[in-house]
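S.K.: The structure under discussion is supplied below as structure tokens; questions concerning it will follow.
The values are calculated or read from the model by the stated rules, or taken from the named source; none is laboratory data. In this text the structure is predicted, and so the values were computed from the model without any measurement. Don't worry about glycine lacking a Cβ; one is built from the backbone with ideal geometry, like all the others, and counts go over all protein chains shown.
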Amino acid sequence: MKRYVLSLLFVLQFFVVQAQEVQNNEGGSWFTVVNKFKFSERVSAVSVVQWRFVERLKYTRIFLVMPFINYKFSNKISAGVGYNYSNYSIAGIHPPSLDYENRIWQHVTLFSALGKVKMNQRFMFEERFKTKLNNEEAYANRFRYRMNFDFNILKFKNNNYLLGNLSEEIRIRFTEGIGDPNFDQNNFVVSLGYQLLDNSKLYIGYRHDYYNAGNGVYWADNVFNVVYNYNFDFTKKKFYK
């Protein structure tokens, strides 16, 4: 029951922040490649590589790599630690003020089900080491809470499914320390997917990112979102059939 109350509060928060005035609004495209490496029933590693463009595909705004390692305690909980390197480019209506960023982060993820819908809730905490365009160094923490829902929509004659995915995340930043939390971002994703092989899936969809730019200014990105997953299971003799 507690997890459903938490989820409801989170959805309400989404509608509250969306009610703020958006002064800037632009379109973009994100392309993400996710590789999971399963070493045992409990230990796995994940590599994420992502390209973010603005004005659809005209300019690169961010390129990032994010490797991390996970430990599965049970079918209901996992935890991990990771690293993120982000390289920023001056592009778009609201260009980044950073040159690049290094992050260390930790997560705990809870798994459950709502009928036939698979649900997970990720709690993430980040330590952000930022380098600005003027070479000034800055440090900040950020907390992220994400709800993710996976489900089957339609079964094809080859026994594969048209897949559905919904994701909603809120980010809280601590620029002046843990005692000074501020709303940072709200991220919503809706996607359709297809299982290409036993170990790979392709998702295509829409992403809406809503940002707090400071000084009472809020802006948003409307993003064409593509995610390709390809997994390696070293506990099996073959990765796919």
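S.K.: Condition first: of a type in the set (Phe, Trp, Tyr) and either without any contact (Cβ under 8 Å) to a residue 60 or more places away in the chain or under 15 Å from residue 170 (Cβ atoms) (or both). Now tell me which residues in segment 194-220 satisfy that.
M.R.: Pass one, segment 194-220, residues of a type in the set (Phe, Trp, Tyr): 194, 203, 206, 210-211, 218-219.
Listed by number, the residues that qualify are 194, 203, 206, 210, 211, 218.
S.K.: Looking at the structure I just gave you, is residue 231 under 13 Å from the mean Cα position of the chain (by Cα), surrounded by 17 or more Cβ atoms within 10 Å (Cβ to Cβ) and farther than 24 Å from residue 60 by Cβ? Let's see the steps before the verdict.
M.R.: Numbers: under 13 Å from the mean Cα position of the chain (by Cα): no; surrounded by 17 or more Cβ atoms within 10 Å (Cβ to Cβ): yes; farther than 24 Å from residue 60 by Cβ: yes.
Criteria not met by residue 231.
S.K.: Tally the residues that are part of a strand (DSSP E or B) and either in contact (Cβ under 8 Å) with a residue 24 or more places away in the chain or surrounded by 15 or more Cβ atoms within 10 Å (Cβ to Cβ) (or both), restricting the search to segment 148-193. Walk me through it before giving the result.
M.R.: The first filter runs over segment 148-193 and keeps only residues part of a strand (DSSP E or B), leaving 148-155, 161-174, 182-193.
Pick out the ones that are also either in contact (Cβ under 8 Å) with a residue 24 or more places away in the chain or surrounded by 15 or more Cβ atoms within 10 Å (Cβ to Cβ) (or both) and you get 148-153, 161-174, 182-193.
Number of matching residues: 32.
S.K.: Which one is nearest to residue 152 (Cα to Cα), of the residues in segment 190-223 that are within 18 Å of the chain's Cα centre (by Cα) and small (Gly, Ala, Ser)? Show your work before the answer.
M.R.: Initially, segment 190-223 is screened for residues within 18 Å of the chain's Cα centre (by Cα), giving 190-193, 201-212, 220-223.
Filter once more, keeping what is small (Gly, Ala, Ser): 191, 193, 205, 220.
Details: 191: 12, 193: 9, 205: 15, 220: 30 Å.
Going through the qualifying residues, I end up with 193.
S.K.: A follow-up question, please. What pairs come up if the first residue lies in segment 110-137 and is within 23 Å of residue 78 (Cα to Cα), the second is at pLDDT 95 or above and not in a strand (DSSP E or B), and their beta carbons are under 9 Å apart, counting only those six or more places apart or on different chains?
M.R.: Once the first residue is within 23 Å of residue 78 (Cα to Cα) and sits in segment 110-137, its partners that are at pLDDT 95 or above and not in a strand (DSSP E or B) give 110/76; 111/75; 111/76; 112/76.
S.K.: Further, regarding this structure: Return the residue satisfying two criteria in turn: it lies in segment 136-178 and is more than 21 Å from the chain's Cα centre (by Cα) and charged (D, E, K, R), and of such residues it is nearest to residue 107 (Cα to Cα).
M.R.: Among residues in segment 136-178 that are more than 21 Å from the chain's Cα centre (by Cα) and charged (D, E, K, R), the one nearest to residue 107 (Cα to Cα) is 176.
S.K.: Turning to a different aspect of this structure: For residues that are outside any strand (DSSP E or B) and buried (at least 17 other Cβ atoms within 10 Å of the Cβ), scanning just segment 94-134, find the one that is modelled with the lowest pLDDT. It would help to see each step written out before you state the result.
M.R.: Restricting attention to segment 94-134, the residues satisfying the condition of being outside any strand (DSSP E or B) are 94-97, 115-116, 133-134.
Right, trim to buried (at least 17 other Cβ atoms within 10 Å of the Cβ) and you get 94, 96.
Details: 94: 76, 96: 83.
Here the residue is 94.
S.K.: For segment 52-92: of the residues being farther than 17 Å from residue 106 by Cα and under 13 Å from the mean Cα position of the chain (by Cα), which is surrounded by the most Cβ atoms within 10 Å (Cβ to Cβ)?
M.R.: Within segment 52-92, the match that is surrounded by the most Cβ atoms within 10 Å (Cβ to Cβ) is 52.
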